[in-house]
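Quick notes on the structure that follows.
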Amino acid sequence: MYRKRRSNPIVATLVVALFIIISGALLLNGTRAFLQKDHVRSKQREVDVIRKYAVQCYATEGSYPPNLEYLESHYQLMLNRDEYDYMYEIFAANIAPIITVIPKLEVDRDFLKMENE
């Protein structure tokens with residue numbers, strides 16, 4: 001006849017714990033990937049905005065701006081210098097500049113202070 005199996009509580013606990021660990025790892029990995037994609041999009045958005053202002057300057061004045069400070073002062077470009085470093089390389093006044101946005105590394109400032117003392 002059919003014999004009823006009894007489940008072992010230790011095995012059941014281990015299966016549930018394993019499920020929770022795997023779910024947590026997958027959730028953490030997905031969150032990290034989402035934040036990384038968002039960071040890349042944010043960086044690209046910065047490049048696109050600078051390019052838009054540079055093209056506007058070219059259309060208005062007939063030449064690309066010599067530097068980012070020119071765009072900030074004459075075209076009210078607002079740069080997020082707390083989070084990014086900007087490289088604006090211009091070859092000639094009639095050739096589009098090369099715009100690079102580099103995220104700043106977050107550094108523990110207290111750690112740097114301790115090393116300098």
Assess whether Tyr53 counts as being assigned to a helix (DSSP H, G or I), hydroxyl-bearing (Ser, Thr, Tyr) and free of Cβ contacts under 8 Å to residues at least 24 places away in the same chain. no
Hey, can you tell me all the residues within region 66-85 that are surrounded by 13 or more Cβ atoms within 10 Å (Cβ to Cβ) and either in contact (Cβ under 8 Å) with a residue 40 or more places away in the chain or over 23 Å from Pro103 (Cβ atoms) (or both)? Pro66, Tyr70, His74, Tyr75, Tyr84
Just wondering, is there one or more residues in region 31-39 that are surrounded by 11 or more Cβ atoms within 10 Å (Cβ to Cβ) and at pLDDT below 70? yes
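The values are calculated or read from the model by the stated rules, or taken from the named source; none is laboratory data. These numbers were taken from a predicted model, which means no experiment stands behind them. Don't worry about glycine lacking a Cβ; one is built from the backbone with ideal geometry, like all the others, and counts go over all protein chains shown.
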